[in-house]
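Derivation of every value follows stated rules applied to the coordinates shown; laboratory data play no part. Computed from a prediction, not measured in an experiment: that's the story for all the values here. Quick reminder, even Gly has a Cβ in these numbers, built from the backbone with ideal geometry, and neighbours come from all protein chains shown.
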Amino acid sequence: MNKLSAKKKLIGMILLPAFFSGAVTAHVAVAAQGQGDSINQPEGYTSEGNAGQVWRSTYDLGNHCWRTGYWNESLVVVEGCDGYEKVAEAAPESAPAAAAAPVSPPEKLTFSADALFDFDSAVLKPNGKIALDEFVRGLDGINFDVIVAVGHADRIGNPEYNQRLSVRRAESVKAYLMSRGIPDSSIFTDGKGETQPVTGTACDGKSGQALRACLEPDRRVEVEVSGARRR
């Protein structure tokens, strides 16, 4: 072998390894770059590029996912591979709404007109004021919104007169409640006259004092309180 051939051979021995070394280095660099850009690469399975798509066998061979050499059962987390199916996460339960404070039904008290007033009168008697004082004390445990006083009369006498009398008695009750500190805006009044009796036909056939005594339940003032009891 002459010196020129030996020299060429020596250069080839130096350049070729360097060329292949550079090619391998470039391939590794590209592969590393591809791995950096990949998303959701499945572990334990062969995938295509950086798309995360698992390679499968053909349908005539069962369409199985291709496993890598380091596959094990703990890596069976790829949907559709080796029987794994992704279970949809349950939506978090919303916190139960705070329960609204219970509102008590309206409380209705019925005062006998004979206990509050003299017959055919709308002026409160002393015993009537005592009865209303007890009513006001009972409001201490109630957050009330509205108080409604409704006057009623019996059927003795003229209907128009009885209507006016029932309104005057309701207004008399309101005036006294206001004197005990209840605001005017919280009290409403109405009069029903003789239109809403509670005795029905029980007093039919009676007259005079017997009728007057029998109709006593019809002469009344109903006081209704709307609100909620404090706990």
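Points worth noting:
- A Förster distance of 45 Å, applied to the separation of the beta-carbon atoms of Asn158 and Arg180, puts the FRET efficiency at 0.85.
- Bridge type composition, the stretch 148-231 - antiparallel percent by DSSP, nearest 5: 55 percent
- Inter-label distance, Asp140 to Leu211: 4.6 nm, where each label sits 7 Å from its Cα along the C-beta direction.
- Here's the picture: a label point sits 7 Å out from the Cα of Val123 along the beta-carbon direction, and within the stretch 168-193 the residues with their amide nitrogen under 16 Å of it are 168-169, 172-173, 176.
- Taking a ≥ b ≥ c as the square roots of the eigenvalues of the alpha carbon gyration tensor, the stretch 116-183 is prolate, as a/c is not under 1.5 and a/b beats b/c.
- Given +1 at the Cβ of Lys and Arg, -1 at the Cβ of Asp and Glu and no other charges, the dipole of the stretch 114-231 around its Cα centre is 280 debye to the nearest 20.
- Summed residue charge, Cβ within 15 Å of Arg212's Cβ, Lys/Arg positive, Asp/Glu negative: -4
- Cα gyration tensor shape for the stretch 163-231, rounded if a/c is under 1.5, else prolate or oblate: prolate
- Relative packing of peptides 175-181, 161-167, 195-201 - highest average C-beta neighbours within 10 Å first: 161-167, 175-181, 195-201
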